[in-house]
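Structure, as structure tokens:
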Amino acid sequence: MFNTLEVLSSGLSATRLRVNVIASNLANAETTRTPEGGPYKRKDIVQLAQELPGSFGSTLDRMTLSRPQVQAVVEDSAEPKKVFQPGHPDADKEGFVAYPNINVVTSMTDLMSASRLYQANVTAIETVRRMSQDAQQISARI
């Protein structure tokens, strides 16, 4: 049970970070100037599955319990979108403005997916908690 809760709580943390990164991308979808210079760069998380020691692998063939772990938050290296806006203060000599390479529709879809994953983790934690309480009540009756 404790390994399950560890996996689920790691999933909550990773999903919360993913939601925050996506929200930051959406908030900066039109940011053409940053302190570092140039347009905002889209960010994404790199997530790995870390196998837990003493999981099901020793008992059941090919079944392991792994927890999600965020390895890094990385910037997208894609070129910014160039939009012809000669009157814009950030326009270059040819009149083009560099905008972040962020697709708002894709980002909103990712945000919905991440929020549903977060809710699924919360529901699973509540279920594990109830199962643990029920198991304690059963063992107390014996």
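The values are calculated or read from the model by the stated rules, or taken from the named source; none is laboratory data. The structure displayed is predicted, hence computed values, not measured ones. Quick note on the areas: whole protein, heavy atoms, side chains included, nothing else; ligands and nucleic acids left out. Shrake-Rupley method; radii C 1.70, N 1.55, O 1.52, S 1.80 Å.
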Quick one: helix 2-27 against the long Cα principal axis of the chain, what's the angle to the nearest 10°, folded into 0 to 90?
10 degrees
DSSP-defined antiparallel bridges as percent of all bridges, the chain, nearest 5
100 percent
Express the relative contact order of the chain as a whole percentage, based on alpha carbon pairs under 8 Å and six or more residues apart in sequence.
30 percent
Carbon plus sulfur, as percent of the 1.4 Å-probe accessible area of the range 1-136, comes to 55 percent
Of (1) 11, 27, 25, 17, 11, 6, 3, 1, 0; (2) 11, 35, 28, 17, 7, 1; (3) 12, 41, 30, 13, 4, 0, the label for P(r) over Cα pairs in 10 Å bins from 0, in percent derived from the coordinates
(1)
Using the heavy atoms of the protein chains and a 1.4 angstrom probe, tell me the accessible area per residue for the chain in square angstrom.
69 Å²
Straight-line reach only, C-alpha to C-alpha below 19 angstrom: list the aspartates and glutamates that residue 41 could link to, leaving out same-chain residues fewer than 8 apart.
30, 75, 76, 79, 90, 92, 110
GNM flexibility winner over the chain from 124, 78, 14 (Cα, springs under 10 Å):
78
What is the distance in Å between the Cα centres of the range 85-132 and the range 1-44?
8 Å
With all protein chains present, calculate the accessible area of residue 24 using a 1.4 Å probe and round the result to the nearest 10 Å².
40 Å²
How far is helix 104-141 tilted, in degrees, relative to the longest principal axis of the Cα atoms in the chain, given as a value from 0 to 90 rounded to the nearest 10?
10 degrees
